[in-house]
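Visitor: Have a look at this one.
The values are calculated or read from the model by the stated rules, or taken from the named source; none is laboratory data. Treat the numbers as computed from the prediction; the structure is a model and nothing was measured. Cβ atoms come from the backbone with ideal geometry, glycine included; neighbour counts cover every protein chain shown.
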């Protein structure tokens, strides 16, 4: 293919609309022809950026958008609490907490009994003057 | 590399580093897509701001019905159409017509290439709306499948229109390529 034909195909090549044999012919030509390759790269750059001289969005626009996003989605105390309550809990943590609760529920009555019983015993008075086991005196 | 969708979720939790990454990936191309269809850089920046905020705030965005990129371009495209409707004109009229370039009289390679680009820019501005849409989405890097998703037409129709688009541009550029 000569340069005229190739340059007519460059847009189709970039947008991938060429048939396989046409695409192969363009690629083969671009490898060998510097002028067509430079033309293709300029076209590609233009198409991908929208215009040869068009810069991107300004820094002011980026900062304004960033500030808006931050204000809209910044975690508030209420959102933090909600998020913490809704967080997914790993299975092992859930099982560990459940086991602790179960053990506490089982032991609580026994602990309470021990505590209360100890309290009662501590209030008893041993009367050392009283004869021991009078009822056992055998006559 | 973290996916766009994962970054999107992090932005919605207030993680601004995720926003910075998402912006770096998409802002330039999105701006180019909008700038090519709107009268000024300020208009493109305004619509870009609206489109990104709308994509983040929308309750309709679900990634089983499209990627983050298709949602972003779908919303941005709708914003451009809304702006054209509110101005009471077709979308094509939003863009200022450029001056028809003259054929270069035997210019050297660099000048000829610049003239070719000017001719391409002019040809793009004259595209009918159905093909202009495709041109801007394709040049923003969207695949044919994504374009079908954004516009809401079958993939076969996209391919057929792309062939029409390329053929139209090829004919428009013939005076600058046949030397």
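Visitor: Of (1) surrounded by 11 or more Cβ atoms within 10 Å (Cβ to Cβ); (2) at pLDDT 75 or above; (3) outside the structural domain of residue A:9 (by TED's automatic domain parsing); (4) assigned to a helix (DSSP H, G or I), residue A:75 satisfies all except one. Which?
Guide: All conditions are met except number (4).
Visitor: Exactly one condition in (1) touching a helix residue (DSSP H, G or I) at 6+ places or on another chain (Cβ under 9 Å); (2) more than 9 Å from chain B (Cβ to nearest Cβ) is not met by residue A:86; state its number.
Guide: (1)
Visitor: Of all residues in region B:85-114 being modelled with pLDDT of 75 or more and away from every other protein chain (no Cβ under 11 Å), which is farthest from residue B:54 (Cα to Cα)?
Guide: My answer is B:111.
Visitor: Name the single residue, out of those in region A:40-58 being at pLDDT 90 or above and assigned to a helix (DSSP H, G or I), that is nearest to the chain's Cα centre (by Cα).
Guide: A:41
Visitor: Something else about it: If we scan region A:72-80, do we find a residue that is touching a helix residue (DSSP H, G or I) at 6+ places or on another chain (Cβ under 7 Å) and over 30 Å from residue B:7 (Cβ atoms)?
Guide: So far as region A:72-80 goes, no, none of its residues is touching a helix residue (DSSP H, G or I) at 6+ places or on another chain (Cβ under 7 Å) and over 30 Å from residue B:7 (Cβ atoms).
Visitor: Is there a residue being more than 8 Å from chain A (Cβ to nearest Cβ), touching a helix residue (DSSP H, G or I) at 6+ places or on another chain (Cβ under 7 Å) and modelled with pLDDT under 90 anywhere in region B:149-157?
Guide: Within region B:149-157 (the criterion being more than 8 Å from chain A (Cβ to nearest Cβ), touching a helix residue (DSSP H, G or I) at 6+ places or on another chain (Cβ under 7 Å) and modelled with pLDDT under 90), the answer is no, since none of the residues qualifies.
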